[in-house]
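What follows draws every value from the coordinates through simple rules; no lab data is involved. These figures come from a predicted structure and were not determined experimentally. Note that we place each Cβ from the backbone using ideal geometry, even for glycine, and neighbour counts take in every protein chain shown.
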C-alpha cells in the first residue's frame with residue numbers, strides 16, 4: 001500500500017508527465033480552452049492510462065519476455081503491441097463517451113481518438129518497462145500519471161479562461177500564451193521536484 | 001478616523017476647471033488614501049472590477065517600510081558580527097546603517113530602473129498610461145534578495161519576471177504568477193549558487209569591508225571622521241575564513257530544533273537579528289505590516305489565517321510521522337524559522353494572483369501552508385518552501401475560483417427552481 005502511494009504521488013506531482021517531461025502536449029494545448037472539455041479529456045486520459053498500464057505490464061511480462069509463454073525475447077514487438085492495446089482502449093472510451101455524453105463527444109472532436117497517439121500514454125507504458133515496475137507499481141503509475149495530466153490540463157484551462165479578456169499582445173494570443181503559461185507552470189511544479197517519498201517511508 | 005480624512009479631502013478639493021494642475025495633484029493624493037467612486041457600472045455580475053489600484057499599492061508599500069528599516073540595519077549587523085566586531089545589536093550603529101545602505105540601495109535602484117523602464121516602454125508602445133503596477137513588486141523584490149546578490153543577475157531576473165510574467169499577460173492586474181516571486185524563483189533555478197546555501201546570507205564575507213564600492217566607503221569614512229565616530233578603515237579588517245552563516249532552516253535540516261537553538265536564541269529569531277533575505281527576518285515588524293494591511297482592508301485575513309492553519313496542520317502531521325529530526329521540530333517553532341510570515345503577509349495575499357472568492361481564499365491559503373511545509377521539511381533540494389508553494393498555488397487559483405463559482409451557480413439555480 002505504501003509503495004502504491006509513493007509511486008502515485010511521484011507520478012502525479014513530482015514527475016508530472018506534462019510539466020516535467022512535456023509529454024502529451026498536443027491534446028494538452030488543443031483542448032485546454034475551457035475547463036469543461038479539459039475536465040472530460042483529463043478523465044479519459046486517467047482511464048486510458050490506468051487501464052493500459054497493467055495490461056501492457058502483463059503483455060510485457062508474460063508474452064514478450066524470455067520467461068514468458070513463448071520462451072523467447074520478443075521485445076521488438078513491444079511498441080506495436082502497446083499501441084494496439086492503447087488504441088483499443090481509446091476506442092472503448094470513445095464509445096462510452098459518445099453514448100453517455102454526446103456534447104462532450106462533440107466538444108472533444110478529433111482529440112478523443114487522438115488519445116491513441118498521445119505520447120503521455122505510450123510514454124507511461126515505456127517508462128513502466130524501463131523502470132522495471134511490478135504490477136501494483138504500474139497501476140499506481142498509470143493512475144498517478146493520469147491524475148497529474150488531468151490536474152495540469154484543468155489548471156491551464158482555468159488560467160486560459162481567466163486571461164481570455166486580458167490585454168494579451170496580439171502576436172501571443174492563443175497558442176503563444178499557452179506555451180508561456182505551460183513554462184511558468186513547469187517552474188511552479190518544480191517546487192516538489194526532488195522529493196522522494198520512498199526515502200522517508202522506510203524509516 | 002476614515003470619515004474625518006474623507007471630510008478633510010472633500011473640504012480642500014480644488015475646482016477642476018479653474019485649477020486643473022492643482023486638481024491633478026490633489027487627485028494623486030486622494031487616490032493614495034481612497035479608491036475613486038467610479039465603478040464598472042452595468043447590470044451584469046462581475047467577479048473582478050477595473051478599479052483604481054493606487055490606494056492598494058501605496059498601502060502595501062507603506063506596510064513594508066519597517067521591514068526596510070530593519071532589513072537595512074540587519075545587513076550591517078550581520079556583516080559586523082560575522083567579522084567579530086560590534087557584536088551587541090546597537091554598537092557601531094552608524095557603521096551598520098551605512099553598510100546596509102551601501103548594500104541595499106544599489107539593489108533597490110537596479111530593481112526599479114529595470115522594472116519601471118520596461119513598464120514605461122510597454123506603456124508607450126501600447127499607448128496607455130503607466131500602470132504603476134511595478135511599485136509593489138519593485139518594493140518587494142529587494143526584500144527577498146540576499147544582500148550580496150550580483151546586480152546583473154538581479155537585472156536579468158527582474159526583466160524576465162516583468163516581460164514574461166506580466167507584460168505578456170497584458171500588464172498590471174492580469175498576471176497569473178506573483179511577479180516578485182517569479183523574479184526570485186528565476187534566480188533560484190538559473191543561478192542557484194547566488195541565492196541558496198549558507199554563504200550568501202551575510203554580506204561581504206569574502207571581500208572584507210572595503211573592497212567593492214571603495215570610494216563610497218571613503219566618503220562615509222570622511223564623514224564619520226569629521227564627526228569623531230568609528231570609521232570603516234582602509235581594508236584592515238580581516239576576511240573571515242571558514243565562516244558559515246548557516247540559517248536556522250539548514251541547521252534544523254541537519255539536526256532538528258536543538259541544533260538551531262545552539263546557534264540562535266529564540267528571541268533573536270523572533271526579532272530577526274539572524275542572517276536571511278534582506279527583509280524577511282524580523283517577525284514583529286512583518287506582523288505589524290500584516291495588521292496594517294488587514295485594518296486598511298488591502299490584504300485578506302482569510303488567506304493569512306488559513307495559511308497559518310495549513311502550515312500548522314502539516315507540521316503536526318509531520319510531528320506524528322517523525323522520521324527525521326527536522327520533522328520532529330515542534331509545530332509552533334516551525335514558524336520561528338524562515339520566511340513564513342513575510343510570505344504570508346506580502347506574497348500570498350497579493351490580490352491579483354490569489355483566489356478572488358472567499359471560499360477560494362480559505363482553500364488557497366490552506367494549501368499554501370500545507371504544500372509549503374511539505375517542501376520545506378521533505379524536499380532536501382530546497383531549504384525553504386513558501387516561495388515555491390505560493391507559485392504552485394498561483395497556478396491553481398483560477399481553477400479554485402472556477403469551481404467555487406460553479407458550485408455557487410448550481411446552488412442558486414437549485415434555490416431558484418425550488419422557489420419557482
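Counting only alpha carbon atoms, the long axis of helix B:20-33 and the longest principal axis of chain B meet at about 80°.
Quick one: Cα centre-to-centre distance for region B:107-137 and region B:363-420, in angstrom? With region B:107-137 and region B:363-420 each reduced to a Cα centre, they are spaced 30 Å.
Give me Rg over Rh for region B:275-341, both radii from the alpha carbons and Rh done the Kirkwood way, two decimal places. Walk me through the intermediate numbers first.
Details: Rg = 13.9 Å, Rh = 13.3 Å.
Rg divided by Rh gives 1.04.
According to the calculation over all Cα-Cα pairs in chain A, the P(r) per 10 Å bin from zero is 9, 33, 32, 19, 6, 1, 0 %. For region A:38-58 versus region B:269-284, the spacing of their alpha-carbon centroids is 48 Å. Remark: spin-label model distance residue B:258-residue B:417 equals 6.3 nm, labels positioned 7 Å along the Cα→Cβ axis. The share of Cα pairs per 10 Å bin across chain B, counted from zero up to the longest distance, runs 4, 19, 28, 24, 15, 6, 2, 0, 0 percent.
For region B:105-150, what is the Kirkwood hydrodynamic radius in Å, using each pair of distinct C-alpha atoms?
On the way: mean 1/r = 0.0890 Å⁻¹.
It is 11.2 Å.
Summed over qualifying helices (DSSP H, 4 residues or more, each -39500 (n - 2.57)) and divided by its residue number, chain B shows a 222 nm mean residue ellipticity of -19500 deg cm²/dmol.
Quick one: order B:15, B:350, A:134 by neighbouring beta-carbon count within 10 Å, fewest to most.
Details: B:15 9, B:350 23, A:134 12.
The order, fewest Cβ neighbours first, is B:15, A:134, B:350.
Sorting the segments A:141-154, B:397-410, B:331-344 by their residues' average number of neighbouring beta-carbon atoms within 10 angstrom, most packed first, yields A:141-154, B:331-344, B:397-410.
If packing is taken as the mean number of other Cβ atoms within 10 Å per residue, what is the order of A:42-51, B:163-172, B:318-327, B:91-100, highest first?
Working: A:42-51: 23.1, B:163-172: 21.6, B:318-327: 15.9, B:91-100: 20.0.
In descending order of packing, they fall as A:42-51, B:163-172, B:91-100, B:318-327.
Computed from the alpha carbon positions, the gyration tensor of region B:231-368 leads to an equivalent ellipsoid with semi-axes of 31, 22, 11 Å, biggest first. Based on alpha-carbon centroids, what's the gap between region A:59-123 and region A:164-187 in Å, whole number please? Here the answer is 32 Å between Cα centres.
Tell me the mean residue ellipticity at 222 nm calculated for chain A from its helices only (DSSP H runs of n ≥ 4, each -39500 (n - 2.57), averaged over every residue, nearest 500). Please report the intermediate quantities before stating the final value.
Numbers: 9 runs with 128 residues, N = 203.
My calculation for chain A gives -20500 deg cm²/dmol from helical runs alone.
The fewest-to-most ranking of B:260, A:168, B:61, B:377 by surrounding Cβ atoms within 10 Å reads B:61, A:168, B:377, B:260. For peptide A:176-182, the mean count of partner chain Cβ atoms within 10 Å of a residue's Cβ comes to 2. For the protein assembly as shown, the square roots a ≥ b ≥ c of the C-alpha gyration tensor eigenvalues yield an a/c of 1.5 or more together with a/b not exceeding b/c, which makes the shape oblate. In percent, rounded to a whole number, the relative contact order of chain B is 15, using alpha-carbon pairs under 8 Å and six or more apart.
In percent, how large is the relative contact order of chain A, given Cα pairs closer than 8 Å and 6 or more residues apart?
Values: 252 pairs, mean separation 85.7, N = 203.
Result for chain A is 42 percent.
Averaged over peptide B:175-188, the number of partner chain Cβ atoms lying within 10 Å of each residue's Cβ comes to 2.
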